[in-house]
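The values are calculated or read from the model by the stated rules, or taken from the named source; none is laboratory data. It should be emphasised that the depicted structure is a prediction, and the values quoted were computed from it without experimental measurement. No Cβ is skipped: glycine too gets one built from the backbone with ideal geometry, and neighbour counts run over all protein chains shown. These accessible areas exclude ligands, DNA and RNA; they are computed on the full protein's heavy atoms, side chains included. Shrake-Rupley method; radii C 1.70, N 1.55, O 1.52, S 1.80 Å.
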Amino acid sequence: MHSMPVNLLDLSPEEFKKFLDSFDHVFSDCDGVIWAANALPRVGEFFDLIKKHGKTVHFVSNNSIRSQQNYEDKFKEAKIENGFQFLTTPSFAIAGYLKGLNFKKKVYAMACDETVKVLNSHGIETKTGPLLGVDVFDDYVQYLKDDPEIGAVVCDCDFNANLAKVHKAVTYLKRPEVLFLCGATDRHIHFGQGRSALGCSIFTNIVSDETNRSPIVLSKPGKLFGEFAMKKAGVTDPSKVLFIGDMIEQDVGLGKNTGFKTLLLLTNIPKETMLAHKTTRPDFYADSLASLVPLL
């Protein structure tokens, strides 16, 4: 049986203090927690108060699509200073992982432009494309040719994924020594009010199914991603981390896989959905960051 999540708004002042004393670091998701289309109410105030309680604050996102400037603008609107400096995304985790292996070959990137830029900025050469495949199946033989320069396939948020790219990725991964890495694993993207859309991970899943290979997950909810975020933040004890998110599979899942305490915000899913989840439940929940400000 999974324990019942605790509503932080129901705690007495003494119980809330005990909650605060149970962690030293806050890792927070961004989309759906700090902002939606625009910054959510009082989020900057929440993190300022958390810091006054002696906690360090760091940010984690599966969104490699945003540019550094876009992230900086979003943090500024939310009144969070230097947020990007304390942010971990899959693109940086992938680059860090490959650099840690002293990777010297080239990457075939079925990924968004920003991920490719990050890899290149770390000295990792990439090959991409094609943006459009051919229209006749007989001509797809050109995408079945191996490329010995490729030493890794990276899948991360490619909105322009297509059959030709999938063929190339599958072809390279037939060699067992070629690494298979993936960023965002979000199968669905939630927009609130019960609306959602398919995420780009469906293309990663196709590649995985066709090659009978599981990727190394360097995004939420992968443990390696959580450990990378900890290393970047200089944190050594996962039990002293509170992870704040708005998605059960990605955010609570990351927390459970890495050993963090978890706080789910009900900004995109109702309480009933949280309680009905069969495999994963948060330790704590609240309506929003704004709802917690008066308690701090």
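Can you say whether Ile80 is of a type outside the set (D, E, K, R), under 30 Å from Ala161 (Cα atoms) and touching a residue at least 12 places away in the same chain (Cβ under 8 Å), as far as the supplied structure shows?
No; evaluated as a whole, the condition is false for this residue.
Of all the residues that make up region 246-287, how many are under 17 Å from Leu224 (Cβ atoms) and among the hydrophobic types (A, V, I, L, M, F, W, C)?
Selection size over region 246-287: 2.
With respect to Ala164, is the statement that it is in contact with a Phe, Trp or Tyr (Cβ under 9 Å, 6 or more places away or on another chain), surrounded by fewer than 20 Cβ atoms within 10 Å (Cβ to Cβ), in contact (Cβ under 8 Å) with a residue 24 or more places away in the chain and not β-branched (Val, Ile, Thr) true?
Numbers: in contact with a Phe, Trp or Tyr (Cβ under 9 Å, 6 or more places away or on another chain): yes; surrounded by fewer than 20 Cβ atoms within 10 Å (Cβ to Cβ): yes; in contact (Cβ under 8 Å) with a residue 24 or more places away in the chain: yes; not β-branched (Val, Ile, Thr): yes.
Judged against the criteria, Ala164 is a match.
From the list Asp186, Asp246, Asp237, which one is among the charged types (D, E, K, R), open to solvent by 30 Å² or more (accessible area, probe 1.4 Å) and closer than 28 Å to His58 by Cα? Spell out how you get there, then give the answer.
Details: Asp186 fails: open to solvent by 30 Å² or more (accessible area, probe 1.4 Å); Asp246 fails: open to solvent by 30 Å² or more (accessible area, probe 1.4 Å).
That would be Asp237, the only listed residue that is among the charged types (D, E, K, R), open to solvent by 30 Å² or more (accessible area, probe 1.4 Å) and closer than 28 Å to His58 by Cα.
Could you count how many residues in region 90-138 are without any contact (Cβ under 8 Å) to a residue 24 or more places away in the chain, over 22 Å from Leu224 (Cβ atoms) and aliphatic (A, V, I, L, M)?
1
What helices (runs of 4 or more DSSP H), lying completely within region 206-296, carry at least 2 residues that are aromatic (Phe, Trp, Tyr) and either out of contact with any Lys or Arg (no Cβ under 8 Å at 6 or more places or on another chain) or within 20 Å of Ser196 (Cα to Cα) (or both)?
Counting at least 2 such residues, we get 223-233.
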